[in-house]
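Peer 1: Sharing a structure here in structure tokens format.
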Amino acid sequence: MKKEECTEMILSAMSEKGLTFGEMAEKVGRHEVWVATALFGQASMSKEEAETVGSVLGLDADCVKLLQECPYKGSLSTVVPTDPLIYRLYEIMAIYGMPLKAIVHEKFGDGIMSAIDFEVDVRKMEDPKGDRVIIELNGKFLPYKKW
């Protein structure tokens with residue numbers, strides 16, 4: 001079984017059972033964004049976490065095992081995404097990426113934001129002009145080493 005097939009099984013089972021990523025996160029005991037990341041094959045779960053998911057969703061042993069494997073991270077297609085929400089995030093980085101990089105360098109120096117020591121949160125803010133999506137990226141600053 002390939003990870004993509006396992007992901008399809010997971011999403012199908014969640015849909016059939018009417019479960020959200022937030023509900024899955026409660027069952028696993030982790031943050032909903034991290035759980036969603038793992039269920040999409042971009043993070044590895046512990047044996048206990050994977051077995052919990054398998055039990056809740058009725059997954060076979062191969063899929064439970066795949067949830068525990070170290071993933072090939074960032075394995076999305078290199079083609080510009082066509083899904084509107086993912087495209088907008090891509091567009092945001094195309095427009096604001098260089099300005100954000102410049103501001104990070106002004107405030108912290110020459111370095112990067114870790115994607116390892118990292119957290120993401122998604123919140124909804126109600127607004128009379130239309131609800132707002134708030135995505136918070138929180139990563140440790142890692143300065144480049146000189147040698």
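Please treat every number below as a calculation from the coordinates, not as lab data. Just so it is clear, the model here is predicted, and its values are computed rather than measured. Here the Cβ positions follow ideal geometry from the backbone for every residue, glycine too, while neighbour counts run over all protein chains shown.
Peer 1: Can you list which of the DSSP-assigned H helices in the chain have a Cα extent of 20 Å or more along the long axis and an average Kyte-Doolittle score of at least -1.0? Please list the in-between numbers first.
Peer 2: Numbers: long enough: 3-17 (21 Å, -0.51); 84-108 (32 Å, 0.55).
Once both thresholds are applied, what remains is 3-17, 84-108.
Peer 1: Return one quarter of the surface area of the convex hull spanned by the alpha-carbon atoms of the stretch 84-143, equal to its mean projected area, in nm².
Peer 2: Numbers: hull surface 20.7 nm².
Across all orientations, the stretch 84-143 yields a mean hull projection of 5.2 nm².
Peer 1: If I take all pairs of Cα atoms in the chain, what percentage of them are more than 26 Å from each other?
Peer 2: On the way: 4168 of 10731 pairs.
Of the Cα pairs, 39 percent sit more than 26 Å apart.
Peer 1: If you don't mind, another one. Rounded to the nearest 500, what is the 222 nm mean residue ellipticity of the chain from helices alone, with -39500 (n - 2.57) per DSSP H run of 4+ residues and division by all residues? Kindly include the intermediate steps, with their values, before the conclusion.
Peer 2: On the way: 6 runs with 73 residues, N = 147.
Mean residue ellipticity, 222 nm, calculated: -15500 deg cm²/dmol.
Peer 1: Something else: Rg to Rh ratio, the stretch 1-44, alpha-carbon atoms and Kirkwood radius? Numbers along the way, then the final one.
Peer 2: Numbers: Rg = 10.0 Å, Rh = 10.5 Å.
Using Cα coordinates only, the ratio equals 0.96.
Peer 1: Given R₀ = 25 Å, FRET efficiency for residue 51-residue 4 by Cβ-Cβ distance, to 0.05? All intermediate terms of the calculation are to be shown ahead of the outcome.
Peer 2: Values: r = 21 Å, r/R0 = 0.85.
So the FRET efficiency works out to roughly 0.70.
Peer 1: Taking amide H positions as placed 1.01 Å from N in the peptide plane, with prolines and chain starts having none, which residues 5 or more places from residue 112, or on another chain, fall under 5 Å of its amide H?
Peer 2: 142, 144
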